[in-house]
Structures are given as structure tokens and as C-alpha cells.
Amino acid sequence: MNIRMRKIALAQDNACLFSFVQITDTHCLEKYKKLPYSLARTFFRFGRSSFHWRDSANSFSILQNTIAYVNQKIKPNFLIHTGDLTEQGKLSDLKTTRELLAKLICPHYSLMGDNDGEAHSHSNFNRSNYLKVFGQRRYSFDCQGWHIVILSVYPDDAELNWLRRDLSENAARPIIFATHHLIVGNFALWFVEKCLRIKLFMPRAGEVLKILKNCPNVKLVLSGHCHSNFRREKDGVNFVSTAALVEVPHRFTLFRIYQNKITMTLFTAHTAKDVFNRRLFSF
């Protein structure tokens, strides 16, 4: 290969194919009752996972300001919201959240979290309000040769069968998979679930993980729910969770997709923090 061809190949490798923003856990709530005790603003850190106080009183304005910032400063190809759009799954809150997301100048894709139903438990979960407003529990789309798969909370047999088919039909493409609950974790997150009895992991995580393993082109798995920034590589797949937007310091993540790598930039409020050196992964 001559020098000119090498330069062309290098430029192609360094060219960003597309970018997207992940926000999650906005927990939008119109009627907020302020907690009468100081625990409302406490946070704790365990290992590399940190848990912050929730600014529920300003949940809609936080989302509105974030959308304005994404429109003006980042201008990604699209935005993914990985669930818990609202705190209680109320129809009015879901509609207001949809109206705010509609102000994005880029396409936006949302999925249902456990708080977006009228009951939070797996056994009596009610999806009716979410489906009235957002209409879909599962879907997929393409961007610049990549395939992006969206799967909402508490998948049933039909949804897992759909996931198998969708991945199989697009197995030749690099794939990004987005859901709400964690599929894999670390010791700190396991400790929180087991000892504090906070459900962080997808009830059928093992089945979903097995389906993903059967598709070697899955490059990135996104989630929310744990309200903490988290990344783990397992079997060649990068699992990334972004902290809750509603919690101080109001974080979200920008992903840039290249030919042979993915980079992440964590945003805190209106300040970008480059973490390319720590959170750059190739495939």
C-alpha cells in the first residue's frame, strides 16, 4: 500500500460514522411532594458506583434544559432514552415528556422503564399508558450500516423470540442493543441488589445475555436503571449504563461511532468531561 492509500485508509478509520446521545431515568413528575427529611439529598458511593440525590421537583426543567443543550451544542444523529421517562407512569406525565422530546432536532428513540408503568412490580406491570403515548415496546432501526435494537422493560416470550429473529436477520451488521435494566453488573451493583434488595438486573437477564452471545456482531449494550455510570466488557461486548439525568449532577453520555472504535463523553450539567482515555474501546 502506497503512502497516499495509507493516508486515505487512516482518514476513513478516523472519520466518525455517526454520534448519538443516551439519556436515562428522567423520572418526570408534575406533582412532587417534597420529602420532609434530609435523606432526600443524601448520596453514597460504593466501589466505583455512586448514587446521588434526586431533584424530582425540577425533573421537567432538567429534561428541557438538556434537550436545548443537545440541540445547540452537540447535534447528534439521534438520541436514545433508556427508560424511566416518568416517575409514576401517569398519562399526563408521559404526554408532557413526549412533548419535550419532540423538541429535539434529531430523531429520538425511547423505551419503557419499570417506572413507566402504573405498577412497578413484574407480576402486575401495566403498560397501557406508555403504549398510548409512545406506542411501541420493541423495535429496531439502522444508521450508517449499524443496526440499533430497542427492547423495553420486562420482556416476555414473544419479545425474546422477536429479539432472536431481529438479531439473526441483521447478524452481518454491527449492532447496538438498548434496554432499561442491567444485564450484567459488578460486585458493587450485585451488593446493592442482594443486600439492599433494590432490583437492578433484568428478571430474564440470563436469557437475554445468551441471545446476545449468539450474535457476535453485538458491539455495545446500553442500559439505565441503576442511576450510576457503569461499564464492563464481557465476552467482547461492552455493557454501558449511564447515570440518572434527574439526579445531581444530571449526567448523560455522548457516543461517537467510528470504523473500529467507539468513544464516550460524559456530560455533567452543561460541562463535558472527556473520558476517551478511560472509556474508549475497540472491536
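The values are calculated or read from the model by the stated rules, or taken from the named source; none is laboratory data. Predicted, not measured: the structure shown is a model, and the values here were computed from it. A quick note on method: Cβ atoms are made from the backbone with ideal geometry, for glycine too, and the neighbour counts reach across all protein chains shown.
Considering (1) surrounded by fewer than 23 Cβ atoms within 10 Å (Cβ to Cβ); (2) without any contact (Cβ under 8 Å) to a residue 60 or more places away in the chain; (3) within 20 Å of Val153 (Cβ to Cβ), say which one Phe230 fails and leave the rest. Evaluating Phe230 over (1) surrounded by fewer than 23 Cβ atoms within 10 Å (Cβ to Cβ); (2) without any contact (Cβ under 8 Å) to a residue 60 or more places away in the chain; (3) within 20 Å of Val153 (Cβ to Cβ) leaves (2) as the failure. Scanning region 212-232 for residues that are farther than 17 Å from Gly113 by Cβ and in a strand (DSSP E or B) yields Val218, Lys219, Leu220, Arg231, Arg232.
Figure legend. Inter-residue proximity from region 252-263: first residues in contact (Cβ under 8 Å) with a residue 24 or more places away in the chain and of a type in the set (A, V, I, L, M, F, W, C), second residues part of a loop (DSSP other than H, G, I, E, B) and surrounded by 19 or more Cβ atoms within 10 Å (Cβ to Cβ), beta-carbon distance below 6 Å, spacing 6+ or different chains. Indicated pairs: Phe252/Leu245.
Residues that are exposed (fewer than 11 other Cβ atoms within 10 Å of the Cβ) and in contact (Cβ under 8 Å) with a residue 12 or more places away in the chain were ranked within region 124-174; the one that is nearest to Ile211 (Cα to Cα) is Ala172.
Looking at Leu79, is it of a type in the set (A, V, I, L, M) and more than 19 Å from the chain's Cα centre (by Cα)? The answer is no for Leu79. Give all pairs with beta carbons closer than 6 Å in which a residue from region 95-107 that is surrounded by 15 or more Cβ atoms within 10 Å (Cβ to Cβ) meets a residue that is modelled with pLDDT of 95 or more and assigned to a loop (DSSP other than H, G, I, E, B); count only pairs at least 6 apart in sequence or on separate chains. Once the first residue is surrounded by 15 or more Cβ atoms within 10 Å (Cβ to Cβ) and sits in region 95-107, its partners that are modelled with pLDDT of 95 or more and assigned to a loop (DSSP other than H, G, I, E, B) give Thr97/Leu85; Cys106/Pro76. The residues of region 251-269 that are modelled with pLDDT of 90 or more and over 27 Å from Gly145 (Cα atoms) amount to a single one, Arg251. I'd like to know if region 168-177 contains one or more residues that are of a type in the set (Gly, Ala, Ser), modelled with pLDDT of 90 or more, on the phi > 0 side of the Ramachandran plot and not in a helix (DSSP H, G or I). No, region 168-177 has no match at all. Residues in region 233-268 that are part of a strand (DSSP E or B) and of a type in the set (Ser, Thr, Tyr) were compared, and the one that is surrounded by the fewest Cβ atoms within 10 Å (Cβ to Cβ) is Thr268. Could you list, in sequence order, the residues of region 107-126 that are modelled with pLDDT of 65 or more, over 15 Å from Ile150 (Cα atoms) and assigned to a loop (DSSP other than H, G, I, E, B)? Within region 107-126, Gly117, Glu118, Asn126 qualify.
The number of residues in region 71-93 being in contact with a Cys (Cβ under 8 Å, 6 or more places away or on another chain) and in contact (Cβ under 8 Å) with a residue 60 or more places away in the chain comes to 6.
Within region 35-73, how many residues are among the charged types (D, E, K, R), surrounded by fewer than 20 Cβ atoms within 10 Å (Cβ to Cβ), assigned to a loop (DSSP other than H, G, I, E, B) and modelled with pLDDT of 55 or more? Lay out the reasoning, then the answer.
Just the residues of region 35-73 that are among the charged types (D, E, K, R), to begin with: 41, 45, 48, 54-55, 73.
From what's left, surrounded by fewer than 20 Cβ atoms within 10 Å (Cβ to Cβ): 41, 45, 48, 73.
Remaining after also requiring assigned to a loop (DSSP other than H, G, I, E, B): 48.
Within this subset, residues satisfying the condition of being modelled with pLDDT of 55 or more are none.
Counting residues in region 35-73 that are among the charged types (D, E, K, R), surrounded by fewer than 20 Cβ atoms within 10 Å (Cβ to Cβ), assigned to a loop (DSSP other than H, G, I, E, B) and modelled with pLDDT of 55 or more gives 0.
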